[in-house]
Amino acid sequence: MVLPVPLIRLRCGVNSYDWGKIGSESAAARFAAATPSDTLAIQPDKPYAELWMGTHPSNPSRDFNSGRTLHELVEQNQMLLAPSIKAKYGTKLPFLFKVLSINKALSIQAHPNKKLAEQLHAKDSKNYPDDNHKPEMAIAITDFEGLCGFRPLGEIAHFLSSVSSLRKLIGDDVAEAFITTVKSQEGDTSTESTAQNKKALQSVFSALMKSPEAEISLAADALVSEAANKGSEFADGGVESTSGVVMSELIVRLNQQFPKDIGLFVLFFLNFVKLSPGEALFLKADDIHAYVSGDIIECMAASDNVVRAGFTPKYKDVQTLVDLLTYEYAPIEEQKMSPTEYPYVVLNRAAYSSGSEAILYDPPIEEFSVIRTILKGDKSKATFDPVDGPSVVICTGGKGRISVGPKSEEIKEGYVFFVGATAELILESEGDQEDEFTTFKAFCEVEDHSNGAQL
Ligand code: 9C2
Ligand code: ZN
């Protein structure tokens, strides 16, 4: 029997969460609309949040030609996944690949680890649809802002001392106890000291999150006027790591999106981060975060479990969130990724001379890695060594051709392709000197793909 060439153009669905960018402003919507479908005509007033690429049942991708789901295809031709992937993850993609277009803040959230995901799913499958963990990686494709991980504790202590509405909401005693602990542990990096700090952080953060609704509302009014009146003098000028944003402006902006929300106070606890296109963050299970603006590529283990506690009209589960967090704290630099040149690709002469590149984002988990390839000018070509697992490729700009063996197709902004295991993939740019044909390729291999041991 002759097997079909494992290059399948996909049609992918976009969802309409409240926080998505509106109409054609949304890259997620534009990318989805690049592939003709009976069901998607972009409406100018509607938010479009996330394009999903994968086999997750909530929004499954389909073969553009036959209309069959990718899940059906890989179930019926399991060689598309590779035996090692099937043995570990079953007959579905281990990862879910997305494009997010963020107009207003996503919920303050964390994703449960595997064990907790199993428990939550067994208890409440409506709100926790998967029994899987969801470590995730975000790569900016436009300028991006987000909140990510707990700040260094000295910064939180600074805000507790200098922002009167925050201190009042939390209570003087709790705030003072935290400040005293942090000061007494200063400079001590021993395990015991870190454990004490984490405990103090948990107490103060839980106290905040469990504040009664009426008190939050009053304190938020006070906070917003404090911010508006003091401007750049707010919080005694803030802290160094927040220099990329004026805290008072952020508070006023987010209050317009979510008036009187508890999330306004969570800002004092989380690192604020700006990413330029190509910069990336990795969030392991149980890391707190909330994205604020921009367009990103997201890749995650195949799961849609989100524990939310603020900035959202969706279901909140504050107790679960405060219980699951690990209360690790660190400067944001520690959560940023350092992509490296991808070694298992051959660039042709045109690609080399035009400064084209393929870089690898390789998080410390097995379910996925992502390669960003930028091919500049005309006829720049990248030939990727086969990987022993499935890949999904999306083009976010420019145009060119994508080929596997004898099959070669046009690819341009928004086009998405599935590439089966062990296929040699070729990308080639078409265009003018200044054009950049940009693709992101998510893939999974069970063995270590970062040092090439099995290749
Ligand atoms: O889909 C988000 C969606 O949880 N990003 O945000 O709608 O729950 O606020 P809401 C999820 C996305 O993949 C994500 O986890 N950090
Ligand atoms: Zn998330």
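The values are calculated or read from the model by the stated rules, or taken from the named source; none is laboratory data. Keep in mind that this is a model prediction, so the values were computed, not measured. Neighbour counts are summed over all protein chains in view; Cβ atoms, including those assigned to glycine, are modelled from backbone coordinates with ideal geometry. Accessible surface areas use protein heavy atoms only, side chains included; no ligands, DNA or RNA. Shrake-Rupley method; radii C 1.70, N 1.55, O 1.52, S 1.80 Å.
Looking at region 344-370, which of the residues that are out of contact with any Ser or Thr (no Cβ under 9 Å at 6 or more places or on another chain) and touching a residue at least 40 places away in the same chain (Cβ under 8 Å) is most open to solvent (accessible area, probe 1.4 Å)?
Among residues in region 344-370 that are out of contact with any Ser or Thr (no Cβ under 9 Å at 6 or more places or on another chain) and touching a residue at least 40 places away in the same chain (Cβ under 8 Å), the one most open to solvent (accessible area, probe 1.4 Å) is 364.
Output the residues belonging to region 197-217 that are surrounded by 15 or more Cβ atoms within 10 Å (Cβ to Cβ) and touching a residue at least 60 places away in the same chain (Cβ under 8 Å).
The answer is 197, 198, 201, 202, 205, 206, 208, 209.
So which residues in region 419-437 are among the hydroxyl-bearing types (Ser, Thr, Tyr) and open to solvent by 20 Å² or more (accessible area, probe 1.4 Å)?
First, the residues of region 419-437 that are among the hydroxyl-bearing types (Ser, Thr, Tyr): 422, 429.
Matches in region 419-437: 422 only.
Based on this model, can you work out whether residue 136 counts as open to solvent by less than 50 Å² (accessible area, probe 1.4 Å) and within 20 Å of residue 280 (Cβ to Cβ)?
Numbers: open to solvent by less than 50 Å² (accessible area, probe 1.4 Å): yes; within 20 Å of residue 280 (Cβ to Cβ): yes.
Yes, satisfied.
Looking at this structure, is residue 100 within 15 Å of ligand 1 (Cβ to nearest atom) and in contact with an Asp or Glu (Cβ under 7 Å, 6 or more places away or on another chain)? Before the answer, list the steps.
On the way: within 15 Å of ligand 1 (Cβ to nearest atom): yes; in contact with an Asp or Glu (Cβ under 7 Å, 6 or more places away or on another chain): yes.
Judged against the criteria, residue 100 is a match.
Do you know which residues across region 218-257 are among the small types (Gly, Ala, Ser) and surrounded by 20 or more Cβ atoms within 10 Å (Cβ to Cβ)?
Step one: filter region 218-257 for residues among the small types (Gly, Ala, Ser), giving 219-220, 222, 225, 227-228, 231-232, 235, 237-238, 241, 243-244, 248.
219, 220, 227, 235, 238, 248, listed by residue number.
So, of the residues in region 52-91 that are in contact (Cβ under 8 Å) with a residue 24 or more places away in the chain and of a type in the set (Lys, Arg), which turns out to be most open to solvent (accessible area, probe 1.4 Å)?
88
Suppose we keep only residues that are within 27 Å of residue 374 (Cα to Cα) and in a strand (DSSP E or B) within region 278-292. Which one would you say is nearest to ligand 1 (Cβ to nearest atom)?
291
Go through region 103-158 and give me each residue that's aliphatic (A, V, I, L, M), more than 15 Å from ligand 1 (Cβ to nearest atom) and in contact with a strand residue (DSSP E or B) (Cβ under 6 Å, 6 or more places away or on another chain).
Hit for region 103-158 is 153, nothing else.
Assess whether residue 219 counts as being out of contact with any Ser or Thr (no Cβ under 6 Å at 6 or more places or on another chain), hydrophobic (A, V, I, L, M, F, W, C) and more than 15 Å from residue 147 (Cβ to Cβ).
Here the answer is no, as residue 219 does not meet what is asked.
Of these, 266, 245, which one is of a type in the set (Val, Ile, Thr), away from ligand 2 (no atom under 16 Å from the Cβ) and at negative phi? Walk me through it before giving the result.
Values: 266 fails: away from ligand 2 (no atom under 16 Å from the Cβ).
The match here is 245.
Anything in region 80-114 that is over 13 Å from the mean Cα position of the chain (by Cα) and among the charged types (D, E, K, R)? List them, or say none.
If the condition is that a residue be over 13 Å from the mean Cα position of the chain (by Cα) and among the charged types (D, E, K, R), then 86, 88, 92, 104, 114 are the ones that fit.
Which one of the conditions (1) within 13 Å of ligand 2 (Cβ to nearest atom); (2) in a loop (DSSP other than H, G, I, E, B); (3) not aliphatic (A, V, I, L, M) does residue 260 fail to meet, given that it meets all the rest?
(1) is the only condition that residue 260 fails.
Which one of these is open to solvent by 30 Å² or more (accessible area, probe 1.4 Å) and over 16 Å from residue 147 (Cα atoms): 303, 338?
Numbers: 303 fails: open to solvent by 30 Å² or more (accessible area, probe 1.4 Å).
Only one candidate qualifies: 338.
Could you list, in sequence order, the residues of region 100-120 that are away from ligand 2 (no atom under 14 Å from the Cβ) and farther than 12 Å from residue 307 by Cα?
Step one: list which residues in region 100-120 are away from ligand 2 (no atom under 14 Å from the Cβ), which gives 101, 103-104, 114-116, 118-120.
Of everything in region 100-120, those that are away from ligand 2 (no atom under 14 Å from the Cβ) and farther than 12 Å from residue 307 by Cα turn out to be 101, 103, 104, 114, 115, 118, 119.
Do you know which of the residues in region 420-455 that are over 18 Å from residue 300 (Cα atoms) and among the aliphatic types (A, V, I, L, M) is modelled with the lowest pLDDT?
Only one residue fits best here, namely 455.
Which condition breaks for residue 320 when tested against (1) surrounded by 15 or more Cβ atoms within 10 Å (Cβ to Cβ); (2) outside any helix (DSSP H, G or I)?
Result: residue 320 fails condition (2) only.
Could you please let me know if residue 29 is part of a helix (DSSP H, G or I) and either touching an Asp or Glu at 6+ places or on another chain (Cβ under 9 Å) or crowded, with 18+ Cβ neighbours inside 10 Å (or both)? Lay out the reasoning, then the answer.
On the way: part of a helix (DSSP H, G or I): yes; either touching an Asp or Glu at 6+ places or on another chain (Cβ under 9 Å) or crowded, with 18+ Cβ neighbours inside 10 Å (or both): yes.
For residue 29, the condition - part of a helix (DSSP H, G or I) and either touching an Asp or Glu at 6+ places or on another chain (Cβ under 9 Å) or crowded, with 18+ Cβ neighbours inside 10 Å (or both) - is met.
Would a scan of region 142-161 turn up a residue that is within 16 Å of ligand 2 (Cβ to nearest atom), at pLDDT 95 or above and either open to solvent by 50 Å² or more (accessible area, probe 1.4 Å) or of a type in the set (Asp, Glu) (or both)?
Step one: filter region 142-161 for residues within 16 Å of ligand 2 (Cβ to nearest atom), giving 144-150.
Narrowing further to those that are at pLDDT 95 or above: 144-150.
Next, only the ones that are either open to solvent by 50 Å² or more (accessible area, probe 1.4 Å) or of a type in the set (Asp, Glu) (or both) stay: 145.
Yes; the residues of region 142-161 include at least one that is within 16 Å of ligand 2 (Cβ to nearest atom), at pLDDT 95 or above and either open to solvent by 50 Å² or more (accessible area, probe 1.4 Å) or of a type in the set (Asp, Glu) (or both).
List the strands (runs of 3 or more DSSP E) inside region 396-448, counting only whole elements, that have at least 3 residues being under 16 Å from residue 12 (Cα atoms). Outline the logic, then answer.
Details: elements: 399-404, 407-412, 416-419, 425-429, 436-443.
Qualifying strands (runs of 3 or more DSSP E): 416-419, 436-443.
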